[in-house]
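These notes are about the structure you will find just below.
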Amino acid sequence: MSWRDRGAGELRAEHVGETATLAGWVARRRDHGGLIFIDLRDHTGVGQLVINPERSPDAARTAHEIRNEFVLQAKGEVVARAPEAVNPKLPTGEVEVQVDELTIVSRSTPLPFQLDEENVDENLRLRYRWLDLRRDQMQRNLRLSGTVISAIRRRMEELGFVDFWTPSLIKGTPEGARDFLVPLRLQPGRFFALAQSPQVYKQLFVIGGFDRYYQIATCWRDEDLRADRQFEFRQLDVEIAFAEREDVLETLEEAVVASFEALDRVPPARPFPRMTWHEVMAKYGSDKPDLRFGLEIEDATELTRGSEFGVFANAEIVRYLKVPKAFSRAELERLEEIAREWGAKGLAYLVVDEPGEVRSPIAKFLSEPELEAFRAEPGSTVLFAADTPATAARVLGGLRTHLGRELDLADRTRDAFLWVVDFPVFEWNEDEERWTFSHHPFTGVMPGHEELIESDPGAAISQAYDLVWNGWELGSGSIRIHDQEVQRRIFRALGLSDEEAEEKFGFLLEALRMGAPPHGGFAMGIERFVALMAGEPNIREIVGFPKVASGADPLTGAPTPMPDPTLMELGLQLRPEAKSAD
Ligand code: ASP
């Protein structure tokens, strides 16, 4: 006999009179003066069992032992519920199963938390993840994740992409994050790195003549964990030979639209808007702006050149936000604190109260044309940043994001996708006082900007692009360098001597010398994408077995110390401070 012939959540009025065998977990048991009701749950939903001692005394005896999360098998007749017992909230709410045979298949010890309990401590949920996974939310999220991934795979294959596998154990490459290192027993003292992404390998695949590569690739990065970050995560990883930027962007748009369609959601209109990095930084102060609300940064640099207000007159640039709320003094103090956290020296403001009166310590210094330009609707506040372009962008961008959330400005019915294109090639690293790459060192330079690599690195524009959804960065990509001479110049600009470049990336430089086609690609973070699809603010809610912020896995207790002989085999010895942490 098979364990079941129907899903508990599949019972409907049309089945009345049939015999059903169900198997699943006890979600709830209720005793009602002789009758026992059990909500039986499986992957299809919940159905109600009724055990009547008069109909089946054996089943009734068994039912008395039953507790939540026992696994049962029940056989009985599907009957219509009495009209007053119909539950319109449940798809199975019109019927129930009158049980004839009941078997306890598996028992459960008392539960550390009830599945329908709210706000259960996350560590406890993760410690008993197998229970947590039975909850509706986790069932929904992980199934949604599976649906999205298979829709992406289908669409990529329809578009002619071939699924490739790349190694996890690779040579450490600088990609922006810290590597996880793997010691090697066969060569003590030497290490592999876990791949931060398949970047170099996917380039080698297209150089190797495979013109459309894709993979749902696992990547590892030793970074601090956050709501949108785990040590290991997956990317929809793409590379295309003979690609123009548009070929890559269109491919990703296809994958996004396919995911929406698979979930029966209205897909975002294509093409997604494209804006340059310079434009978004000036307008939104962020390279991942949430476009579900306006609140654009405006510029007053020209206007304030000869201002009586010295802070404006002397600043490199003056920019401002017109916020649709007249803030109180206490609120302004709080906003100033936030502005300072983002690097501002202070926060100049003009509050326009409901009657239209201006409240501001700086108004008396401003000329008529200035006041005219800053005039805002009654019930609003103008917030200024007078600083370097980078600091002003950071401060006003930070305030814009904060206020968007605080004042609930985003239109939640919208899905705002955006391509940010034309990123700079380099970023200035203040701490190390040197140029670093803003995407990765294999990113192509905008045609015509090659000379700037040496003459004015900060002005060089790259062929990198990012995909943003509702203020979240979903991923990045670029048209790559396929000329080894340009690649060498980039390495030099990043402070790598030719010898170091050869030592670290000799294999890539050699490949670029042996007939490398122009190529480009992209990688989109699957977990971030699925979390947004599921409406979850934290990717831990869509990952089966995540780590917590400390880096630990509450389920297994990893990471764990290793015995000395194991370490010795790898040629390793712990420093005393690492030992005492055991
Ligand atoms: N490998 C890059 C990353 O993981 C993406 C790309 O350029 O394709 O960010």
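Every read-out reported here was derived from the displayed coordinates using simple, explicitly stated rules and does not represent laboratory data. Everything numeric here is computed off the predicted structure, so don't read it as measured data. FYI the Cβ positions are ideal-geometry reconstructions off the backbone, even for glycines, and counts take in every protein chain you see.
The table that follows gives values for the structure above.
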| quantity | calculated |
| --- | --- |
| Assigned charges on the beta-carbon of Lys, Arg, Asp, Glu; the chain dipole about Cα centre (debye) | 1560 |
| Environment charge at Arg274 (Cβ cut-off 12 Å; Lys +1, Arg +1, Asp -1, Glu -1) | -4 |
| Gain in span if fully extended, Glu368 to Arg61, counting 0.36 nm per residue against the direct Cα distance | 101.7 nm |
| Cα-derived Rg to Rh of region 465-582, Kirkwood definition | 1.13 |
| Ala558-Glu341 pseudo-label distance in nm [points 7 Å out on the Cα-to-Cβ vector] | 3.4 |
| Nearest 10 degrees, 0 to 90: helix 329-341 Cα axis against the chain principal axis | 80 |
| Inter-label distance, nm, simple model (7 Å from Cα along the C-beta direction), Asp222/Glu316 | 3.5 |
| Summed residue charge, Cβ within 15 Å of Glu244's Cβ, Lys/Arg positive, Asp/Glu negative | -3 |
| Calculated P(r) of region 76-208 - Cα pairs past 27 Å, % | 61 |
| Cα→Cβ-extended label distance, 7 Å offset, between Glu510 and Asn538, nm | 4.8 |
| Stretch gain in nm, segment Arg405-Phe545, where the contour uses 0.36 nm per residue and the Cα spacing is subtracted | 47.4 nm |
| Local electrostatic count, Ala386, Cβ distance below 11 Å [Lys/Arg +1, Asp/Glu -1] | 0 |
| Calculated FRET value between Glu158 and Asn87, using beta carbons and R₀ = 45 Å, to 0.05 | 0.60 |
| Listed residue (Gly189, Gln199, Ala227) projecting farthest to the positive dipole end of region 146-304, Cβ model | Gly189 |
| Estimated [θ] at 222 nm from DSSP helical runs (n ≥ 4, -39500 (n - 2.57)) normalised by residues in the chain, nearest 500 | -8500 deg cm²/dmol |
| Extension gain from Trp130 to Asp116, taking 0.36 nm per residue of separation minus the Cα-Cα distance | 3.6 nm |
